[in-house]
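Notes follow the structure.
Read-outs throughout are calculated quantities, based only on the coordinates presented, and are distinct from any laboratory measurement. Since this is a predicted model, take the numbers as computed values, not measurements. Cβ placement follows ideal geometry from the backbone for every residue including glycine, while neighbour counts extend to all protein chains displayed.
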């Protein structure tokens, strides 16, 4: 009985135990939302915590239709300094709001999916850095990636189609995640279209020139023979 209590206690803890860093990645596609979470442990000081995490199956969400838990796909890799545990799950767009990771970190959140838009909006307080007044996660990096048009967001950094938020103990009481995605692929800009057309024309011209040289060489050789 005691062993079961210990397993349950570990199971309901937030994703990553004491002092590690967390990288939350969400990729928004047409028919799926791929959640990939990296728990990053310092190999010198946190290997025991990482070992505990390896033994636990992590629930991605609970399916009310089947009355069963859905579990993350788990992988582990190591660098020279870190142990990285990865948890991945492919959600349907209408199931992302059930995400265990999102629900552990935000008490209130909106994941609204319509025919034209996807909106993710949380409240300001991040709950999963601390438990009972004790810090359990040093920092969280949130990356949301999409090829769709992003009409609005409050991301800290935008790099091409990746929107990034940084969460730590200094801002965790005021760190809302907000992004509004229009389900359309952006059209190429006129400059990029011009470059693309120029490359095609240049390639065609080069190919035609090479064909001309080959034909000219063959004709010259035939003239010599005759």
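Here are a few things to note about the model shown:
- Note on residue 138 and residue 214: with the Förster distance fixed at 45 Å, the Cβ-Cβ geometry gives a FRET efficiency of about 0.10.
- The length gained on full extension between residue 70 and residue 31, counted as 0.36 nm times the residue separation minus their Cα-Cα distance, comes to 12.2 nm.
- Alpha-carbon gyration tensor eigenvalues x 5, square-rooted, for the stretch 14-93, Å: 26, 15, 9
- The Kirkwood hydrodynamic radius of the stretch 51-198, based on inverse pair distances between different Cα atoms, is 17.8 Å.
- Coarse-grained scattering of the stretch 52-130 at q = 0.18, 0.23, 0.27 Å⁻¹, given as base-10 log I(q)/I(0) from a Debye sum over alpha-carbon atoms: -0.92, -1.18, -1.28
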